[in-house]
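Beneath this line is the structure, given in structure tokens, with notes to follow.
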Amino acid sequence: MAILLGVDTGGTYTDAAVLEEAPGGEVGRVIGAAKSLTTHENLMLGVGRAVDAALARAGVAPGAVSLVSLSTTLATNALVEGRGGRVALVFIGFGADDLARGGLQAVLAGDPVVCLAGGHGPSGAELAPLDLDALEAEIHRLAPNVQGFAVAASFATRNPAHELAAAGLIRRVSGLPVTCSHELSANLNGPKRALTAVLNARLIGMITRLIESCEAHLAAIGVAAPLMVVRGDGALISASLARARPIETIMSGPAASIVGARWLTGIEDALVSDIGGTTTDVAILRGGRPAIDPQGAQVGGWRTMVEAVATRSTGLGGDSEVHLRDGFETGLHLGPRRLVPVSLLATQAPEMVHAALDRALATATPGQHDGRFALPVAQGQPQGQTLGQTLGLPPREAALWARIAPAPVPLGLVLKTSIDSAALARLVQLGLVSVAGVTPSDASHVLGGLSAWDAGAAEKALRLMARRRDGRGERIAADAHALAHAIIARLQAQTVDCLLDAAFAQDDPAWPEAPEALARHPLTRAAFARRAGLVTLEARLGVPLVGLGASAPAYYGAVGKMLNTRVILPEHAGVANAIGAVVGQVSMRAEVLVTCPGDGEFAVHLPGGIETYADRDAALDAAAAACADMALARARAAGAEAVHLTPAREIREAAVEGRKMFIEARLGVTATGRPRIAS
């Protein structure tokens, strides 16, 4: 009987679950589970503690494990919070105006762009030669200051030759990782493909560190089973493929959680909400299957071309930043940025944290940075090299890092000017520094809902924050307990917003107004509050709410009452992602386009180039065979066995003078199978 190990690494916790496979290859039952804090400075520590504890509770020897599967919200969290490595975009065959399309310029956020002539037209014909000499000069100039490259060329999905040539040169000259846009999507819309490639390049270092950390610990304890990674659509891929295409792991955590929710509850139709430390992820179960977003995954305001579960991912969790928005009642708002809870930091640096909080409480006037701290996040830099030399940080950012690097420090001691605040934001974006401050987790410690960390430090931090003034000049709370209640109430209210956003967005038939506007409309609020009067309004969520995440039991009872629906909190809800990670199948898709560039000429667009046929059916047959071969090879490379192929064909034709004219055809093949099990 096979033993399966699922691991999920989130922004706050890393979870592990050990499952026993039933006869016939079906997953049977959970026999062990554990949680450990995610150790961002050294991911292997958190992974190792969770895995070791779960195996010990299951009474399973590491060598008995047959399959390991990993899901993660790290990529999703990074995009929500605007973090990731510095990258350069090589933009081929596009104009300056194209940078403003689809949010590309915003997502670059000042990262360098190299615009080159070249690219191809809709037929796949070259528009202009690619200037490799100019590109080589730019690579030499940029490589010391970036961590990777993204390459996007016009109509690369019709002919990827220029992207492949540019990527080959970048790898030879710089040795840095390269992402080609055509490898991530077969769809048109060059700027959107470029945006997806930029985000992928930005995430490679982070996901590689996670996979290597997991592999290193598994090898150290004697687990010889293959490692799989959950993709954003819930399917599994090999760890090597996830390293190259980490963008496909965005929504990995939500996808695993909805698969886990289905397995844990057996429910067919539900709204599934998973609250973690950084995000709340909401998805819909219909007929036992998660809905797939046809427009591509949207995370942190960016619409990508990654096929993923239709999920609303909001920067709202137990570790969300608590801050003020003047003019709105108490002015409290949560997220989207994640902070390290003060109560957690106090378990790691108790003397420093309590001394700083006591000093701030002894003053009559609240300080701007009271109760906040800066923490260095180790990046595995070589010994003897400064961070500034390694990453090419500007002098001000390098100087600020030097003040933070030795150990956690009160924020007020390192931020001297407003320019320092901008430098800190950049270090946080690069994943080099974290900020600690008041979070809902601290509020839960004050109210007694949580007790794992330092409740005394949480109480001091909330007492400090309660002294701050809102937009009316009044204290935001009378004391720490009053503020804690307000923070929890705010978390529940924002959770309701998030759930209604998702419900209106996925409702059928579709609503004509934007989901966000509908969710916050006064009539919607009145209906869910069951307004009684001359006009009586009543509304409820039409499906049950499945609450996942370790903190769901603490918050979701009240949320269910606000939405007038039944709340299901399944056993093992706190490790649903880890469970879902080993339930899924490998699923890989290949697609080939056939066009008609001229009368009696049919072009088959293959990764290696264009093949031309004089007969339509011959072109379609060649495309179908190539598509099946590619899908089968991809599924096997992704770790599948006993692969099943499902073909699909879409042919576009037009009637001209009573005669059908071929325009184009898309042939697709989906290859599915369970992951290979170690014997």
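The values are calculated or read from the model by the stated rules, or taken from the named source; none is laboratory data. Not measured: the values here are computed from a predicted model. Heads up, the Cβs are rebuilt from the backbone with ideal geometry, glycines too, and the neighbour counts pull from every protein chain shown.
Worth a mention:
- Taking the numbered list (1) crowded, with 24+ Cβ neighbours inside 10 Å; (2) touching a Pro at 6+ places or on another chain (Cβ under 7 Å) in turn, THR249 passes all entries but (2).
- Meets criteria (closer than 21 Å to ARG359 by Cα and touching a strand residue (DSSP E or B) at 6+ places or on another chain (Cβ under 6 Å)) for VAL438: yes
- Only one of the numbered conditions (1) under 22 Å from LEU316 (Cβ atoms); (2) assigned to a helix (DSSP H, G or I); (3) touching a residue at least 12 places away in the same chain (Cβ under 8 Å) is violated by ALA477, and that is (2).
- Where strands (runs of 3 or more DSSP E) fall entirely within the range 566-679, those with at least 1 residues that are among the hydroxyl-bearing types (Ser, Thr, Tyr), over 22 Å from ALA156 (Cα atoms) and without any contact (Cβ under 8 Å) to a residue 40 or more places away in the chain are at 644-656.
- The single condition from (1) over 30 Å from VAL259 (Cβ atoms); (2) over 30 Å from the mean Cα position of the chain (by Cα); (3) at pLDDT below 85; (4) not acidic (Asp, Glu) that PHE602 fails is (3).
- Residues that are touching an Asp or Glu at 6+ places or on another chain (Cβ under 7 Å) and assigned to a loop (DSSP other than H, G, I, E, B), drawn from the range 106-117: ALA117
- On inspection, PRO177 passes the criterion of being in the same structural domain as VAL107 (by TED's automatic domain parsing), surrounded by 19 or more Cβ atoms within 10 Å (Cβ to Cβ) and more than 16 Å from ILE250 (Cα to Cα).
- For the range 55-112, filtering for residues that are closer than 26 Å to VAL151 by Cβ and without any contact (Cβ under 8 Å) to a residue 40 or more places away in the chain leaves 8.
- LEU563 being out of contact with any Pro (no Cβ under 7 Å at 6 or more places or on another chain) and either within 30 Å of ASN159 (Cα to Cα) or basic (Lys, Arg) (or both): no
- The residues in the range 141-164 that are out of contact with any helix residue (DSSP H, G or I) (no Cβ under 7 Å at 6 or more places or on another chain) and assigned to a helix (DSSP H, G or I) can be counted, and the count is 7.
- Only one of GLU26, GLU81, GLU21 that is charged (D, E, K, R), modelled with pLDDT under 85 and under 21 Å from the mean Cα position of the chain (by Cα): GLU81
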